[in-house]
1. Can we say V519 is open to solvent by 40 Å² or more (accessible area, probe 1.4 Å), out of contact with any Gly (no Cβ under 7 Å at 6 or more places or on another chain) and not charged (D, E, K, R)?
2. For segment 63-82, enumerate the residues that are over 20 Å from W150 (Cβ atoms) and open to solvent by 10 Å² or more (accessible area, probe 1.4 Å).
3. Go through (1) among the charged types (D, E, K, R); (2) over 17 Å from the mean Cα position of the chain (by Cα); (3) modelled with pLDDT of 95 or more one by one and return the number of the condition D591 breaks.
4. Considering only segment 112-138, how many residues are assigned to a loop (DSSP other than H, G, I, E, B) and either within 21 Å of H57 (Cβ to Cβ) or β-branched (V, I, T) (or both)?
5. Going by what's in this entry, would R197 be described as touching a residue at least 12 places away in the same chain (Cβ under 8 Å), among the basic types (K, R) and either closer than 20 Å to S51 by Cα or open to solvent by 30 Å² or more (accessible area, probe 1.4 Å) (or both)?
6. In segment 208-218, is there at least one residue being open to solvent by less than 10 Å² (accessible area, probe 1.4 Å) and either in a loop (DSSP other than H, G, I, E, B) or modelled with pLDDT of 95 or more (or both)?
7. Tell me the strands (runs of 3 or more DSSP E) entirely within segment 51-91 that contain at least 2 residues that are touching a Ser or Thr at 6+ places or on another chain (Cβ under 6 Å) and closer than 28 Å to G158 by Cα.
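The values are calculated or read from the model by the stated rules, or taken from the named source; none is laboratory data. Here the structure is a predicted model, which means the values were calculated and not measured. Neighbour counts are summed over all protein chains in view; Cβ atoms, including those assigned to glycine, are modelled from backbone coordinates with ideal geometry. Heads up: the accessible areas ignore ligands, DNA and RNA and are worked out on the full protein's heavy atoms, side chains in. Shrake-Rupley method; radii C 1.70, N 1.55, O 1.52, S 1.80 Å.
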Amino acid sequence: MTRALLATLTTAALAVGAAAGVPTPGPTDRTATAEPATYEAQAVHSHANFSIRADGHAGAQSFVTDDDELHTVGAWVVSQSASGQVTASVRTELEDPTTEIASAVVDIGARGGTGLGWLEFDLDGVAVVPGEEYVLVLQAHGTDGAVQWWGSRSAVEGALPSWNHDRDHWGGWVEYGRGAAARFADWHLAFYVNDARGVSSCAADNTCWREVTPAQLGVQPAGILGTPGRPYALSGFETVGARFVPGSSVLELASGRLLHLPAGAERPVVVGADDPGAAAQVEESRRWLASGRVPGRTQDEREMAARALLDLRLLLQDNGSVAAAWHSIWRYSWPRDSAFTAVAFARAGFLEEAYRILRFTAGTQRADGTWEARTLLDGSGPPDSRPWQLDANGWFPWATWQYLQVAPDEQRAAALDELYPTVRAAADFAAASLDENGLPPARPDYWESSYPATNLGTVAPLLAGLRSAGAIAEAAGEDDDAARWFSAAAHLQRGIDMSFGSIGYQRTVVRGSGKDSAVAWLAPPFNPADRGVRTELDITWDALVQDTGGVQPGERWGDAMTWTPETMFFALAWANGGQEARATALVDWLDEHRTEVGAFPEKVDPAGQPAAVATLGWTASLTVLTLASVDEPMPVPPRGPTVDDGGAGEDAATVGAAGGAPPPAGTLSPEGTWFALAGLLALGAAVLGALRRRRAG
């Protein structure tokens, strides 16, 4: 096995060990107790403590039980071997095999070889003396790779010794915490006797040893289950062989039992297939899905959309914040991700959820009309000092306008009344940020990094936002606001044409910054697109596509990963540009790269396996929007009265029903004019150069 596999198994076991939630109180002095205290379990398994691969290695754990029979012993074992067996021996004297009272063998090779979990050994109820100290010895034989007994490296109150046999290093058995191994006093193996771990068996909490491949462990979490606003992050270990009960967030395990999160619980429980609590959750989820419109033309597409919507429902909190994903640094609310989620809910007919998100985002707007890059889920402020991002001033008006296109009249009027002040503050700041060339200042964007030059990931959403704000103002009867914001949008469009357009829509206004997937935001459903932008979509795709079949954020991106949101930018643009086949091909690609339980990963590694976190809400939202757009293209914010043709748009086969108007026959678009001018200048420079060379000759 490779070191990469070891690192992957280590990460997974760390995650599962941390999830165990077993306290590790302070140490105690064994010598202060006349008799060994009962010590029947130590459930933390966060570190690879001992190799148990024969012939030179083994591990042992002292224990005391108050039972009079031993039915089961368990140990957390991680295997990188494709073959072999693990033997458990219970003795009264560690170094004397003749004192063995029971033993059992588990063939890990027959179970798949490579894997991890609680390895249980059946001891057939052998009689023991309550209060007496015994030793559990584990050793692996016939293996072709590492086999390790994992445990804790923190102090455990009342712990009895863990023993390591390393023939080359120690010369035999050594007690950790004493003698030569005194510095390892806090190393304790993970084990249990009978039901001392608090469950009847590892099957009761879905933690039994199982075959696990690196592909299944490369994404953490590998999916989420739970109830609305209360997700539980599933490790790759927990999802092996599992699938969601269709139309629900209840997981069916390989055993046929169910894993679900009861109301008010912090952790999921394993229940029977006929459990009424799990059944009630399944039915509630299905009723919710039926109350909206799950997009998709095929059963597979509808299943994919349903999974996306259900996961988004879990990530959406009661207050309207939306976690980007349910893990670590993703457990915050980004205005950008929230905008896409709100529109996805709206287009699927879940207007309450969509509006809840818009209200939360409006409530987190700063006094100057901008937003922090991300906020805590309770809305109290940012989690750190990450610089604010200007693109939110475009995303919020765009999302609000999209919501207004599908909301019933009464809800539309209420939303206009409540959200208009936020739209006004956002659009006024965006308009005021434009310089004399029509461009905003350099600010971080979806790459989450600062740049010295204005970037495409900011100007494209600002253009969509100013146009959306203008259309919202018209609907609200605020004609002066509408004129001001449409004028600013036209100014920004000219700036984009003259800068980004002149160098092939690269990441920044600086030539050589490379192609950027944000070019898709200059096309529907964000902005009307002319033929130049549509052509650039294809050119950018070709520049960014990886061997995996998806794209990276940009040509100057710094790793080898494929990113699913950026790939779906193109799917959404093509779905709204009359290229349904290309859009659905990317939906199929994403489907093939979901996790084992159908969650949507943020990334795909170079080997084509899901990576980073799943579900990523942004990718789930883009999936819903793409499938909905294949059925019916989304509306596109208008250019404004000074340049709009009344909504005629271009031919739906090339730009979508809501696209912008083509230039009149015999004329050039603004982009075309600039390209023609640039070509003439280049030609003139070439002629002058030739003349100089001739003179020099």
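1. Details: open to solvent by 40 Å² or more (accessible area, probe 1.4 Å): no; out of contact with any Gly (no Cβ under 7 Å at 6 or more places or on another chain): yes; not charged (D, E, K, R): yes.
So V519 fails the test.
2. Kept after step one, since they are over 20 Å from W150 (Cβ atoms), are these residues of segment 63-82: 64-71.
Those that are over 20 Å from W150 (Cβ atoms) and open to solvent by 10 Å² or more (accessible area, probe 1.4 Å): D66, D67, D68, E69, H71.
3. Condition (2) is where D591 drops out.
4. In the first step, residues of segment 112-138 are kept if they are assigned to a loop (DSSP other than H, G, I, E, B); the result is 112-114, 128-132.
So of that shortlist, the ones also either within 21 Å of H57 (Cβ to Cβ) or β-branched (V, I, T) (or both) come out as 113-114, 128-129.
Residues that pass the stated criteria total 4.
5. Numbers: touching a residue at least 12 places away in the same chain (Cβ under 8 Å): yes; among the basic types (K, R): yes; either closer than 20 Å to S51 by Cα or open to solvent by 30 Å² or more (accessible area, probe 1.4 Å) (or both): yes.
Answer is yes for this residue.
6. Scanning segment 208-218 turns up at least one residue that is open to solvent by less than 10 Å² (accessible area, probe 1.4 Å) and either in a loop (DSSP other than H, G, I, E, B) or modelled with pLDDT of 95 or more (or both).
7. Details: elements: 57-64, 69-79, 85-91.
Output list reads 57-64, 85-91.
Residue by residue, here is whether (1) in a helix (DSSP H, G or I); (2) surrounded by fewer than 24 Cβ atoms within 10 Å (Cβ to Cβ) holds:
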| position | (1), (2) |
| --- | --- |
| E448 | no, yes |
| A453 | no, yes |
| V459 | yes, no |
| A464 | yes, no |
| I472 | yes, no |
| D480 | yes, yes |
| W485 | yes, no |
| A489 | yes, no |
| L492 | yes, no |
